[in-house]
Amino acid sequence: DSRLYLDKLQVLNKFPEPLIQEKIKTYDEIIRLNENKQREELKTAYLEKARLLNSTNQAEKAIECYDMLLAIEPDNISALLEKNTLRRTYYGMGAYDDDIHNNQDSPDCYFNKGLALTVLEYYAQAYDCFDQAIDLYKLSDGKSKKMLCLAYLFRGQWFAALKDFDEALIDYDQ
């Protein structure tokens, strides 16, 4: 039962950094016990493990955890934002260009680059990415409705940053 491991984490969180590896092992146990069961505990374990790995400069492993979480819940905004921030820091913006070059029909690639550019406040380039993502999400099979809404939301932020509130409201209403 994963409740035992959740209780263990509460105790471990009261101690300083040297117990980080023990915390990671505990998250691994929660993940193992919940792989086919309780999705909420599984998602929380992946997110918290990713954050812990990130805090210990284990970027590649953290990104893997974010990817596992996003495979379960593709529109988890915390995981999307944190993964993109980490990825941009670790690999640089060129990684997004490589993704787009290799997957030109994937709206997620444009969305992720737009998200990274928004964090950097490069709104004009972000707008282009979100615009492309929106066009591609509209062509998708309908499974990406939430991601389409998020793309409109972030593109609307671009308009708001430029004080074009009429256009921002149009995107927000989508």
Given the conditions (1) assigned to a helix (DSSP H, G or I); (2) open to solvent by 40 Å² or more (accessible area, probe 1.4 Å); (3) closer than 28 Å to I134 by Cα, and given that E60 satisfies all but one, which numbered condition is not satisfied?
-> (3)
Quick check: anything in the stretch 70-90 under 29 Å from K145 (Cβ atoms) and of a type in the set (S, T, Y)?
-> yes
Is it fair to say A160 is aliphatic (A, V, I, L, M), open to solvent by less than 70 Å² (accessible area, probe 1.4 Å), free of Cβ contacts under 8 Å to residues at least 12 places away in the same chain and under 16 Å from I63 (Cβ atoms)?
-> no
Return the only residue of Y152, Y127, Y110 being within 19 Å of the chain's Cα centre (by Cα) and farther than 24 Å from A71 by Cα.
-> Y127
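The values are calculated or read from the model by the stated rules, or taken from the named source; none is laboratory data. Predicted, not measured: the structure shown is a model, and the values here were computed from it. Note that each Cβ is placed from the backbone with ideal geometry, even for glycine, and that neighbours are counted across all protein chains shown. Side chains included, ligands, DNA and RNA excluded: accessible areas come from the protein's heavy atoms. Shrake-Rupley method; radii C 1.70, N 1.55, O 1.52, S 1.80 Å.
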